[in-house]
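Where a number appears in this text, it was derived from the coordinates with a stated rule and is not lab data. The structure displayed is predicted, hence computed values, not measured ones. Heads up, the Cβs are rebuilt from the backbone with ideal geometry, glycines too, and the neighbour counts pull from every protein chain shown.
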Amino acid sequence: CNETVALHLALLALGISEGDEVIVPTLTYIASVNAIKYTGATPIFVDSDNETWQMSVSDIEQKITNKTKAIMCVHLYGHPCDMEQIVELAKSRNLFVIEDCAEAFGSKYKGKYVGTFGDISTFSFFGNKTITTGEGGMVVTNDKTLYDRCLHFKGQGLAVHRQYWHDVIGYNYRMTNICAAIGLAQLEQADDFISRKREIADIYKKNINSLVQVHKESKDVFHTYWMVSILTRTAEEREELRNHLADKLIETRPVFYPVHTMPMYSEKYQKHPIAEDLGCRGN
């Protein structure tokens, strides 16, 4: 069980399938996009907002077609997307909203937790996440129909009316009791973990060289800083900085490369300049 299968399960519950399109940011971890492909649907990439690094609402609007079924919001690095505008747009076009909260456990948009805006949302409990079960994921929804469909698909398609009768092709997407127990224990410490992450982010903001920009917390959001991320002035400066820190035994990692630049998703030539720039300079 993990957040990749949680995303797959959420998409299945919504009935996403071949011929459908799902709008997704290109600047995201690959799992968000792969889960869409698992269903046979087509991921439609959108560019990023230069200030927040989240998916561009204006680009979303331009990419909606008569095949679009859902918008997948990815709250990248712990900063929420502009959920008010996205939900309003989705409602006006009769689209589902999926929230990928893998990196944003505890983050808030206008005082409301991420994961509570969409029709269905997913979380990750991988070892490097804010709370962890070693490996794990979760699907949440307030919709009883979607909830029942998730239960149905994740338990090998077992019918509710007859023992050991399977009426759909399902999956073994169950979390073990031991992992769940670890997760509940982690949940009790979540506020402390998030507070410490924000303290560390503040240390970077106060002490880092002015030539390097720390990922900002926008107005009306609560950023949980899953990983403190920075922008250098150029791609070359990023590599120089990474090499310097490696010499000091300080590990760093680049911002995700935009998915539309990867071999299996680059068949159709696309340009998403802001995401590409962030992918080159981000760390």
- [ ] Could I have the simple spin-label model distance between residue 213 and residue 268, label points 7 Å from Cα toward Cβ, reported in nm to one decimal?
- [x] 3.0 nm
- [ ] Based on a Kirkwood Rh over C-alpha pairs, give the Stokes-Einstein translational diffusion coefficient of the stretch 1-158 at 4 °C and viscosity 1.567 mPa s in µm²/s.
- [x] 84 µm²/s
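Mean residue ellipticity at 222 nm from the helices of the chain, using -39,500 (n - 2.57) per DSSP H segment of n ≥ 4 over the full residue count, to the nearest 500 deg cm²/dmol?
Numbers: 9 runs with 99 residues, N = 283.
Per the formula, -10500 deg cm²/dmol.
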Task: Links that overshoot a 23 Å alpha carbon limit, given the list 108/205; 91/144; 69/129; 112/197; 91/271 - done: 69/129; 91/271
Task: Spin-label model distance (nm) - residue 240 vs residue 135, 7 Å beyond Cα toward Cβ - done: 4.1 nm
Task: Compactness of the chain - radius of gyration and Dmax, Cα, Å - done: 19.2, 65
Task: Simple label model, 7 Å out from Cα along Cβ direction - residue 162 to residue 188, nm - done: 4.5 nm
TODO: Return the aspartates and glutamates within reach of residue 67: Cα separation strictly under 16 angstrom, same-chain partners fewer than 8 residues apart disregarded; answer none if there are no such residues.
DONE: 18, 20, 21
Task: DSSP loop chymotrypsin sites (Phe, Trp or Tyr not before Pro) with at most 11 other Cβ within 10 Å: longest gap in the chain - done: 1-163
